[in-house]
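A.B. asks: Handing you this structure, nothing more for now.
The values are calculated or read from the model by the stated rules, or taken from the named source; none is laboratory data. Only a predicted model underlies this, so the values are computations on that prediction, with no experimental measurement involved. Note: ideal-geometry Cβ built from the backbone for every residue, glycine included; neighbour counts use all protein chains shown. Each accessible area value is taken on the protein alone, full model and side chains, heavy atoms only, with ligands, DNA and RNA left out. Shrake-Rupley method; radii C 1.70, N 1.55, O 1.52, S 1.80 Å.
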Amino acid sequence: MTDTVTLKSNSDFRRIYARGKAYTNPALVIYVMKNRAGICRIGITTSKKIGNAVERNRSKRVIRAAFSQLKNEIDGGFDIIFVARGRTKHTKSTVLCEIMRKQFLSAGVIKNDSSVN
């Protein structure tokens, strides 16, 4: 699946936080909820606890890079929110990609027989 749309409205974020399922790791938290749109919609959140603007933007870049490696393996329409944590800014995108893959497998976003890059 290649179609991804960015979540921007506060109501979408609140809805996914309330109804979605959370999967945590010391470097990343994801909230996943199935949607009927048939496309993958993602949102990235970083708080001021992460650090200054440079560190928050780096965290978002690393999350986007890790997701871009996995977005073709996603089957079905999901709303996904990535929440950066303190370790995210120190983590490389390849390591974050493996963390994300494990969380997606437990969430059922990607199938277990997907090819591992």
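A.B. asks: Any idea how many residues of the range 14-43 are open to solvent by 40 Å² or more (accessible area, probe 1.4 Å) and assigned to a strand (DSSP E or B)?
C.D. replies: Residues that pass the stated criteria total 7.
A.B. asks: Quick check on my filter: what residues within the range 1-14 are without any contact (Cβ under 8 Å) to a residue 60 or more places away in the chain and in contact with a strand residue (DSSP E or B) (Cβ under 8 Å, 6 or more places away or on another chain)?
C.D. replies: 3, 5, 6, 8
A.B. asks: Also: From 50, 63, which residue is touching a strand residue (DSSP E or B) at 6+ places or on another chain (Cβ under 7 Å), farther than 22 Å from residue 101 by Cβ and crowded, with 16+ Cβ neighbours inside 10 Å?
C.D. replies: Answer to the selection: 50.
A.B. asks: Right, something else. Can you name the residue in the range 1-13 that is more than 16 Å from residue 110 (Cβ to Cβ) and part of a strand (DSSP E or B) and is also most open to solvent (accessible area, probe 1.4 Å) among such residues?
C.D. replies: 6
A.B. asks: Same structure, new question: Any idea which residue in the range 68-114 is farthest from residue 57 (Cα to Cα), counting only those that are open to solvent by 70 Å² or more (accessible area, probe 1.4 Å) and in a loop (DSSP other than H, G, I, E, B)?
C.D. replies: 113
A.B. asks: Can you tell me which condition residue 82 does not meet? The list is (1) under 12 Å from the mean Cα position of the chain (by Cα); (2) free of Cβ contacts under 8 Å to residues at least 24 places away in the same chain, and all the others hold.
C.D. replies: So the condition that residue 82 fails would be (2).
A.B. asks: Name the one entry in 74, 99, 30 that is touching a Phe, Trp or Tyr at 6+ places or on another chain (Cβ under 6 Å) and touching a residue at least 24 places away in the same chain (Cβ under 8 Å).
C.D. replies: Going through 74, 99, 30 in turn, the sole match is 30.
A.B. asks: A further question follows. Which of the residues that make up the range 25-40 are touching a strand residue (DSSP E or B) at 6+ places or on another chain (Cβ under 8 Å) and under 26 Å from residue 86 (Cβ atoms)?
C.D. replies: Within the range 25-40, 28, 29, 30, 31, 32, 33 qualify.
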